[in-house]
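Just below is one structure, and these are the notes that go with it.
The values are calculated or read from the model by the stated rules, or taken from the named source; none is laboratory data. Just so you know, these numbers come straight off a predicted model, no measurement behind them. Here the Cβ positions follow ideal geometry from the backbone for every residue, glycine too, while neighbour counts run over all protein chains shown. Heavy atoms of the whole protein, side chains included, go into the accessibility calculation; ligands, DNA and RNA do not. Shrake-Rupley method; radii C 1.70, N 1.55, O 1.52, S 1.80 Å.
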Protein chains: 2
Amino acid sequence: MDVDAVRTFVAVTEAGQFQAAADELGITQQAASKRVANLERKLGVVLFARTARGVRLTVDGQALLPHARELLRAAERVTAAVTPGRRPLRIDVVSRRIAPSNILQAFYQQHPGIELDVVALTNADATAALAEVSAGTLDATFRSLRATARTVPAGLRSSRVVDDRHELLVGPRHPLADARTVTPAELTDHPIWMPGMSDPEPIGYYDDLAKAFGLTIDTVGPMFGIEALLAELADSTRLAMFVGEGSRYLWPESYDLRRIPVVNPTPVYPLSVIWRADNPHPVLADFLDYLETRYRATLGEDIWTPDWAR
Amino acid sequence: MDVDAVRTFVAVTEAGQFQAAADELGITQQAASKRVANLERKLGVVLFARTARGVRLTVDGQALLPHARELLRAAERVTAAVTPGRRPLRIDVVSRRIAPSNILQAFYQQHPGIELDVVALTNADATAALAEVSAGTLDATFRSLRATARTVPAGLRSSRVVDDRHELLVGPRHPLADARTVTPAELTDHPIWMPGMSDPEPIGYYDDLAKAFGLTIDTVGPMFGIEALLAELADSTRLAMFVGEGSRYLWPESYDLRRIPVVNPTPVYPLSVIWRADNPHPVLADFLDYLETRYRATLGEDIWTPDWAR
DNA sequence: GTTCCCGGACAACCCGCTGTTGTCCGCGAG
DNA sequence: CTCGCGGACAACAGCGGGTTGTCCGGGAAC
């Protein structure tokens, strides 16, 4: 399957003859003829009815044409995806399970036309991500940033755009399984388990949260994958973990896990978008507007954030 | 833009290393490495971070990946589009302006998932179209057929599935421009103009229609394209033409053409689907069901058809 | 009917890309 | 420190795709 051959096929179709198509493509008529002949041989069908005054599409050619055009568009997008200046908005969401990814998806659904490349810089710390933004390989990163607005590198801008409310995730045999809501004060006697944390960002956040309300939050311990974690949670009478309201975990029906909103106050996880100050991607402004509207709706709620986020 | 290189890129991404991907593709590790290196050179970006234990995607690689997969899917569809046995339902609509094309579009919108290739066998008479169906290059043709159910070639099945109601198309200065409906009897004094007819099918139909109601229908005369025709119609105080209710012509607002339903009785243009009896395309059954439902709703109306269609 | 010319196909040739084999190197694990 | 995995580089071979040159068929003009 040769894209050049397909491109030649489309060009010949549009020109109605090989000679003109070949001129268009900057090759000889013989080369164009060979390309199409090879394509026909590979596909096992005849695409053109050759006449003395040019060519006409056969039935197979007609059926192929829209798919051929689609292939060329796909090839064009492959190139555009990595061409600085005319590529989609490229934004990092850290992980596809947490709020930034889902918020971006909601934005995309409201703006179906826009070109968007979502990448997950798993295992890249904030410094590495900011370096990618500075270097231009990334248009923005959407993540927690303890030092927001203070030590963001020169040339970058940041904006706190989301407060992701915390919920308690517990199995059906946990003492709080049937609570409609819980308060931080009610959690002092229940250990919170957040294994697999390696990033300093969330660890610092949970340390502060534990200190503020006298909670026990265990951020060490081995991580055997999210599936193992959820299974263990479902079986346990003691374990509970925090998850963001905007996060998304899929689990089997049989696990019967519950998300219980935390209130009075609601700990929220502050998330920021960080982008290059000079020459930002045009679509980014739309996204920031979208986030602004979304964020404003949550102002005035009874929330808790660590000192460094205030 | 080489599809094999993109396929290699995706394979390496999935395998996490060149060696395994190369085995998968049946080439040597060196060849896979070269393909990806070429792709990187052409695109001007580095796609993989090479480590001692395999490779990891860079940001550019991550952004490229979904587009690369899309390209492979498009290439797959190009092949499938002409591969007998696993190709989309391929159906001929004669012209994209008339009812069959629009009905197929409505069907497609109700069944967005199906694979459909609509071809327009312009300038192919019924015999040629039926030959394509018999030969297997077409799954079906959707057209008028005077001899429906009588002289359809052996091995084919046909079904009258649509009665396309006639409407009168006139410009704003035509005497009937403001009529809400017209009857055939009221049209005896108004010449009907249907230029550019070369197919025996519609010519025969309009001859019969003219004879049945004493109309004057001119099916000869030069055809300078549909745009010229509509422009002339808009300017004329005398000219009128018939169009099918299911047809679609776009004209500038300024033309101010009107479609006036013809009633008491309504001449309808019978359209049939003709398909291969043995081993028909599976989607065709759905389409015929769809047409059946649609057709049943029009039964009992006050219609006229030529003798040969009864 | 004859001639002309356009447009496509075929043939021969040549270049360069892409694959192979063979080898080296770097890095992580033991 | 050593081993081995995995990737890169080098040299070479084969062929795929490009070019030039030529022929052929059919529509248009006379």
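So the values come out like this:
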read-out: Sites B:R69 and B:T237, calculated FRET efficiency, Cβ-Cβ separation with R0 56 Å, nearest 0.05; value: 0.40
read-out: Calculated log₁₀ intensity ratio I(q)/I(0) where the Debye formula runs over C-alpha points of the range A:3-81, q = 0.10, 0.18 Å⁻¹; value: -0.21, -0.68
read-out: Net charge dipole size for the range A:3-81 [Lys, Arg +1 and Asp, Glu -1 on Cβ; Debye, nearest 20]; value: 180 debye
read-out: Accessible surface ranking that places the most exposed of B:H111, B:H174 first, with a 1.4 angstrom probe; value: B:H111, B:H174
read-out: Interface burial for B against A (accessible surface, 1.4 Å probe, total of both chains, Å², rounded to 100); value: 2800 Å²
read-out: Which of B:A80, B:T58, B:G16, positive extreme of dipole for the range B:3-81 (C-beta unit charges); value: B:T58
read-out: Ordering of A:258-268, B:50-60 by burial proxy (mean other Cβ atoms within 10 Å per residue, highest first); value: A:258-268, B:50-60
read-out: Shortest-first nm distances, B:R259 label point to equivalent points in other copies (7 Å, Cα→Cβ); value: 4.8
read-out: GNM top mover of A:E76, A:E232, A:E24 - chain A, alpha-carbon springs below 10 Å; value: A:E24
read-out: Fraction of accessible area attributable to carbon and sulfur, the range A:1-104 (%, probe 1.4 Å); value: 49 percent
read-out: Assigned charges on the beta-carbon of Lys, Arg, Asp, Glu; chain A dipole about Cα centre (debye); value: 1200 debye
read-out: Amide hydrogen neighbours beyond the local backbone of B:A240, cut-off 5 Å, H modeled; value: B:W193
read-out: Cβ neighbours within 10 Å from other chains - mean over A:65-73; value: 6
read-out: Spin-label pair A:L156/A:W251, simplified geometry with 7 Å Cα→Cβ offset, distance in nm; value: 3.4 nm
read-out: Simple label model, 7 Å out from Cα along Cβ direction - B:Q110 to B:N264, nm; value: 3.2 nm
read-out: Chain A: DSSP helices with Cα axial extent of at least 24 Å and average Kyte-Doolittle hydropathy no lower than -0.5; value: A:59-81
read-out: Two-site label geometry, A:D189 and B:D23: point separation in nm, points 7 Å out along Cα→Cβ; value: 5.7 nm
read-out: 3J(HN,Hα) from dihedral phi, the range A:193-198, Karplus parametrisation 6.51/-1.76/1.60, rounded to Hz, x for glycine, proline; value: 10, 10, x, x, 6, 10
read-out: Average partner coverage of B:81-91, which counts Cβ from other chains inside 10 Å; value: 4
read-out: Over chain B: helical MRE at 222 nm, DSSP H runs n ≥ 4 each giving -39500 (n - 2.57), nearest 500; value: -12500 deg cm²/dmol
read-out: Shortest-first nm distances, B:G225 label point to equivalent points in other copies (7 Å, Cα→Cβ); value: 6.3
read-out: Cleavage-rule hits (trypsin sites (Lys or Arg not before Pro)) in the range A:162-196: DSSP loop, at most 15 neighbouring Cβ within 10 angstrom; value: A:R173, A:R180
read-out: Copy-to-copy label separations for B:E301, where each label sits 7 Å from Cα toward Cβ, in nm and ascending; value: 5.5
read-out: Cβ neighbours within 10 Å from other chains - mean over B:115-121; value: 4
read-out: Residue closest to axis [chain A; rotation mapping onto B; Cβ; Å]; value: A:A74, 2
